[in-house]
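Single-structure report; data block below.
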Amino acid sequence: MASCQTENKLKKYPDTVGDIEFDKRQDDPDFKKCGSEKWGRVSFQHYQGAKQFSYRGEKIAITEKLKKENIYSEKNINGYITVRFLVNCEGKTGLFRLRHMSPDLKDSVPDEELEKKLLQFTKSLGGWMPKEIQGLKVDYYQYLTYKIENGKVSEVLP
């Protein structure tokens, strides 16, 4: 038998592990998730059939654009900055979240200015393509991890 307290606790968790909840302090209120009668407002994770990288020009287009932007840190830092976000069924992006790690994959705080520049760069990428699963256009999570060596982006992952 579930009590009212149990029901309240269950509601605070997302529908799917890894879902990003809207935060009015940092998210664009005009960004809308899509939905379908079949799945509701489920956003697909990489482990749920949204595995392919779907960007016009593939990852090489992102890498070339990043080179042109010449984004770097004045500090001689090393590590990783991951930007995770949602691509909706129209190919629009939102709900951006950052994570930074040291070269040995421990939480760290790199150059905040570099972090802001990479976030803005990621938000500026307009070539994300909608995905279809079982014939329905769906929202899906995407991430870009920037490998930082000596203050410069040396690689874009995945």
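What are the pairs, 6+ residues apart or on separate chains, where a residue within region 62-83 that is aliphatic (A, V, I, L, M) has its Cβ under 6 Å from a residue that is in a loop (DSSP other than H, G, I, E, B)?
ILE77/PRO110; ILE77/ASP111; ILE77/GLY151
Considering only region 130-138, I want to know if a residue exists there that is exposed (fewer than 13 other Cβ atoms within 10 Å of the Cβ), acidic (Asp, Glu) and either at pLDDT 90 or above or outside any strand (DSSP E or B) (or both).
For region 130-138, residues exposed (fewer than 13 other Cβ atoms within 10 Å of the Cβ), acidic (Asp, Glu) and either at pLDDT 90 or above or outside any strand (DSSP E or B) (or both): absent.
Report yes if LEU114 is more than 20 Å from ASP28 (Cα to Cα), outside any strand (DSSP E or B) and hydrophobic (A, V, I, L, M, F, W, C), otherwise no.
yes
For region 71-111, which residues satisfy the criterion of being of a type in the set (Asp, Glu) and not in a strand (DSSP E or B)?
Listed by number, the residues that qualify are GLU74, GLU90, ASP104, ASP111.
Checking GLU64 against (1) over 24 Å from GLN26 (Cα atoms); (2) buried (at least 16 other Cβ atoms within 10 Å of the Cβ): exactly one of these is not met. Which one?
Just one mismatch for GLU64, condition (2).
With respect to SER102, determine if the residue is in contact (Cβ under 8 Å) with a residue 24 or more places away in the chain, of a type outside the set (A, V, I, L, M) and surrounded by fewer than 18 Cβ atoms within 10 Å (Cβ to Cβ).
It is true that SER102 is in contact (Cβ under 8 Å) with a residue 24 or more places away in the chain, of a type outside the set (A, V, I, L, M) and surrounded by fewer than 18 Cβ atoms within 10 Å (Cβ to Cβ).
The values are calculated or read from the model by the stated rules, or taken from the named source; none is laboratory data. Predicted model, so just to flag it, every value in this text is computed and none were measured. Neighbour counts run over all protein chains shown; Cβ positions are idealised from the backbone, glycine included.
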